[in-house]
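Everything below concerns the one structure shown next.
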Amino acid sequence: MSPTDPTTTLPLLSVEGVSKRFGEIEVLRSVDLRVARGEVLAVIGASGSGKTTLLRCLNGLEVPDAGRVAIADTAIDFSARPAPRELRALRDRSAMVFQHYHLFPHRTVLENITEGPLVVQRRPRDQVHEEALALLERVGLASRAGAYPHELSGGQQQRVGILRALALRPELLLFDEPTSALDPELVGDVLTLMRDLAAEGWTMVVVTHELQFAREVAQQVAFVDQGRVLEHGAPEQVLRAPREERTRQFVHRLLRPL
Amino acid sequence: MTEIDWDLVLGSLGPIAGGAIRGTIPLALASFAVGMVLAVAVAMMRLYGNRAAKAAARFFVSVIRGTPLLVQLFVVFYGLPSLGVTIDPWPSAIIAFSLNVGGYAAEVVRAAILSVSKGQWEAAYMIGMSRRTSLLRVILPQASRVAVPPLSNTFISLVKDTSLASLILVTELFREAQQIAAFSQEFMTLYVEAAIAYWVVCLALSSGQSALERRLDQYVAH
């Protein structure tokens with residue numbers, strides 16, 4: 001399975017002036033971003049900076065108060081409150097991997113992967129099953145197809161979470177700190193899979209604390225601070241030679257935690 | 001103490017079992033089914049409705065829980081005819097019991113839905129589900145596991161409460177026992193027999209609950 005061929009030079013994802021407040025707190029202040037097809041954007045920043053909210057605005061799990069989000073030719077202008085149907089149209093273009101996996105505990109591993117394609121997309125059962133089993137095979141979990149999520153390790157659950165996202169055949173993959181809830185020894189398998197996906201040409205937005213991963217895999221890094229994209233550019237520049245003092249401090253702290 | 005009239009006991013088994021099978025059990029099942037639909041609807045109104053829907057749902061629950069079931073039954077069967085609405089015993093009983101179950105179970109359903117983590121809604125939305133599909137395929141199946149024990153209580157109470165239907169002329173277990181008791185004047189024998197019959201029905205239902213819980217528990221970590 002591979003993402004759609006790059007047929008256009010327009011950005012696949014474009015975010016313009018997205019703002020969001022929770023009560024008195026301005027969580028996002030007029031954020032702009034562009035991601036081309038096949039590109040990986042790593043979003044970094046301290047907890048509470050707004051980076052997760054930004055990611056959730058991309059598929060309508062949070063509804064921005066203002067601004068515009070477009071994935072390919074599906075765009076929502078948030079100056080008016082969007083209808084549920086509009087949000088779903090935007091959401092159909094992407095798939096998200098959650099920090100805490102959020103697998104469906106009452107469904108088997110296989111059913112977790114096939115639920116969307118079968119129930120929402122109404123694709124043929126045989127084809128969906130075959131694809132799901134091939135995905136499981138690829139990450140070495142084919143033998144666990146009939147297991148329930150609680151019978152899997154965290155790293156296995158997160159890989160199933162990624163497969164669930166892939167099975168939807170999205171154009172854009174969204175990752176919300178996919179390794180933050182994992183024990184350190186389980187992080188590697190998940191990052192390896194994500195690296196492979198990037199190499200295959202999937203377009204990805206990854207909120208992460210894994211700076212090494214960002215440096216190796218991302219074409220762009222955005223540093224979010226107090227609801228703004230404070231600094232944005234190639235990983236080499238943002239991570240090695242940050243222009244902003246706050247970026248420097250953040251990167252420094254993560255690289256030398258002791 | 002007088003001796004137990006075993007012939008009477010044996011002879012009354014048939015009518016009492018018949019009252020259970022033709023009266024008590026179908027009345028309880030029908031009322032519970034209708035009541036659960038109502039309960040889910042009321043719970044949804046309280047959780048996700050607009051201000052008016054929330055207020056209406058709260059009012060309904062408050063009235064049902066704050067008034068005796070016997071009075072509700074009498075209002076429907078003996079009260080409504082004076083407004084020109086006459087309903088037969090059976091439908092009257094089903095209406096009153098369903099409303100009662102709806103009021104009590106609504107709170108159980110609401111709490112069970114709230115016990116499912118917000119992440120499950122988000123995962124359902126993420127894969128493209130509408131709110132309705134998310135509820136039916138993701139949230140309610142998980143909520144049902146939490147709701148089964150308290151709903152079993154509601155159901156067992158309902159089975160016993162159906163004996164009140166004898167007072168609005170529904171032929172069910174207790175009414176059969178009453179009639180035989182009145183005829184034979186063996187009140188103790190017949191009422192103890194009726195009590196045992198209710199107990200047997202409830203025992204059977206409890207084993208059904210255990211089986212259901214085992215089935216729903218298979219995907220949950222212990």
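Observations on the structure shown:
- Residue count, the stretch A:112-126 (criterion: within 11 Å of chain B (Cβ to nearest Cβ) and in contact with a helix residue (DSSP H, G or I) (Cβ under 7 Å, 6 or more places away or on another chain)): 7
- Members of the stretch A:26-45 that are hydroxyl-bearing (S, T, Y) and either free of Cβ contacts under 8 Å to residues at least 12 places away in the same chain or buried (at least 21 other Cβ atoms within 10 Å of the Cβ) (or both): none
- In the stretch A:56-175, counting only helices (runs of 4 or more DSSP H) that sit wholly within it, the ones holding 2 or more residues that are small (G, A, S) and under 25 Å from B:R132 (Cβ atoms) span A:154-167.
- Given (1) in a strand (DSSP E or B); (2) over 30 Å from A:S143 (Cα atoms); (3) of a type in the set (G, A, S), index of the condition A:G38 fails: (1)
- Note on the stretch B:209-221: residues that are surrounded by fewer than 16 Cβ atoms within 10 Å (Cβ to Cβ) and either modelled with pLDDT of 85 or more or among the charged types (D, E, K, R) (or both) amount to 6.
- Answer residue from the stretch B:141-151, given it is surrounded by fewer than 20 Cβ atoms within 10 Å (Cβ to Cβ) and at the interface with another protein chain (Cβ under 10 Å from one of its Cβ atoms) and is nearest to B:A105 (Cα to Cα) among those: B:S144
- Every pair of residues 6+ apart whose Cβ atoms lie under 7 Å, when the first sits in the stretch B:196-211 and is farther than 11 Å from B:A17 by Cα while the second is of a type in the set (A, V, I, L, M): B:C202/B:I156; B:C202/B:V159; B:L205/B:I156; B:L205/B:V159; B:Q209/B:V148
- Annotation: of all residues in the stretch A:86-111 being more than 9 Å from every other protein chain (Cβ to nearest Cβ) and free of Cβ contacts under 8 Å to residues at least 60 places away in the same chain, the one that is nearest to A:P149 (Cα to Cα) is A:V109.
- Considering residues of the stretch A:176-189 that are among the acidic types (D, E), away from every other protein chain (no Cβ under 12 Å) and not in a loop (DSSP other than H, G, I, E, B) only, the residue farthest from the chain's Cα centre (by Cα): A:E185
- B:R214 being assigned to a helix (DSSP H, G or I), away from chain A (no Cβ under 14 Å), of a type in the set (K, R) and under 23 Å from B:V71 (Cα atoms): no
- Qualifying residue in the stretch A:127-141 (condition: within 14 Å of chain B (Cβ to nearest Cβ) and free of Cβ contacts under 8 Å to residues at least 40 places away in the same chain): yes
- Scanning the stretch A:19-73 for residues that are of a type in the set (D, E, K, R) and either within 14 Å of chain B (Cβ to nearest Cβ) or in contact with a helix residue (DSSP H, G or I) (Cβ under 8 Å, 6 or more places away or on another chain) (or both) gives A:K20, A:R56, A:E62.
- Residue within the stretch B:171-194 that is within 14 Å of chain A (Cβ to nearest Cβ) and either assigned to a helix (DSSP H, G or I) or surrounded by 19 or more Cβ atoms within 10 Å (Cβ to Cβ) (or both) present: no
- For the stretch B:77-137, the helices (runs of 4 or more DSSP H) that sit wholly inside it and include 2 or more residues that are more than 14 Å from chain A (Cβ to nearest Cβ) and surrounded by 17 or more Cβ atoms within 10 Å (Cβ to Cβ) are B:89-115.
- Lone qualifier among B:L8, B:L73, B:L27 - being buried (at least 16 other Cβ atoms within 10 Å of the Cβ), assigned to a helix (DSSP H, G or I) and more than 23 Å from the chain's Cα centre (by Cα): B:L8
The values are calculated or read from the model by the stated rules, or taken from the named source; none is laboratory data. What you are looking at is a predicted structure, and each value in this text was computed from that prediction instead of being measured. Every residue, glycine among them, receives a Cβ derived from its backbone with ideal geometry; neighbour counts consider all protein chains shown.
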